[in-house]
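A quick write-up on the structure given underneath.
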Amino acid sequence: MRLRADRIADLVEAHPGLTPAEAAAQLGYPAGQVRRATDRAGVVLRARHVGPYLTNVAAALHRAGWTTKETAPDVQLPGDDRVVAALVLDGVQAPVPALVWDERYGWRTAPSRRHPIPKGAALPSEGEGVRYLAGGDHPAARRRRRRPHRLTPYPRQEQAATLLTTFLTT
């Protein structure tokens, strides 16, 4: 299924007017056998789309001295239905062990460098080293909720590092 999904995503990227189902048909995959692959192809496309954003954030955090290497985070697709990435902050000045980006909720801190994304990418509650970076004007409103509502998943690239720096140092 993953190979089919990657091939479908490649074809959709090459021909942006195609839907994943149309791409699967062009590749000769039987319609009844590719539903999960077309769904995963959509997730793969979202992961590829967010890659440059995550690379720019990683570079900005490296320039701030929070990471020792300027590498893009590994993007994970838990459950084949969402995109999650982790940035391990191994620099001397890093205020937290790791940052996790989830396409549903945006940025949050992680209490562990070794396992920043929990098993199954379950959404942890705030507390115990976990804080959510809320989009918008009222981070105090975010603190009152146990779990965030729909947060801005990715602020503008030029603002991301500034937001993360402000968030983590307060």
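The values are calculated or read from the model by the stated rules, or taken from the named source; none is laboratory data. It should be emphasised that the depicted structure is a prediction, and the values quoted were computed from it without experimental measurement. Quick reminder, even Gly has a Cβ in these numbers, built from the backbone with ideal geometry, and neighbours come from all protein chains shown. The accessibility values were calculated without ligands, DNA or RNA, using every heavy atom of the protein model including side chains. Shrake-Rupley method; radii C 1.70, N 1.55, O 1.52, S 1.80 Å.
Taking all Cα pairs closer than 8 Å and separated by 6 or more residues, the relative contact order of the stretch 26-80 comes to 35 percent. Computed from phi, the 3J(HN,Hα) profile of the stretch 62-69 under the Karplus parametrisation 6.51, -1.76, 1.60 (θ = phi - 60°) reads 5, 5, 7, x, 8, 10, 8, 10 Hz, with x in place of Gly and Pro.
Among the protein heavy atoms, those of E13 account for about 100 Å² of accessible surface (1.4 Å probe, every chain in place). Over the stretch 3-115, Cα pairs under 8 Å with separation of 6+ residues give a relative contact order of 17 percent.
Please list, by residue number, every one of the trypsin sites (Lys or Arg not before Pro) in the stretch 18-81 that is coil in DSSP and has at most 12 other beta-carbon atoms within 10 Å. Taking the stretch 18-81 and a limit of 12 other Cβ atoms within 10 Å, the loop trypsin sites (Lys or Arg not before Pro) found are K69. For the stretch 21-104, the solvent-accessible area with a 1.4 angstrom probe is 49 square angstrom per residue. Rolling a 1.4 angstrom probe over the protein chains, ignoring ligands and nucleic acids, what is the accessible area of Y29 in square angstrom, nearest 10? Here the accessible area works out near 40 Å².
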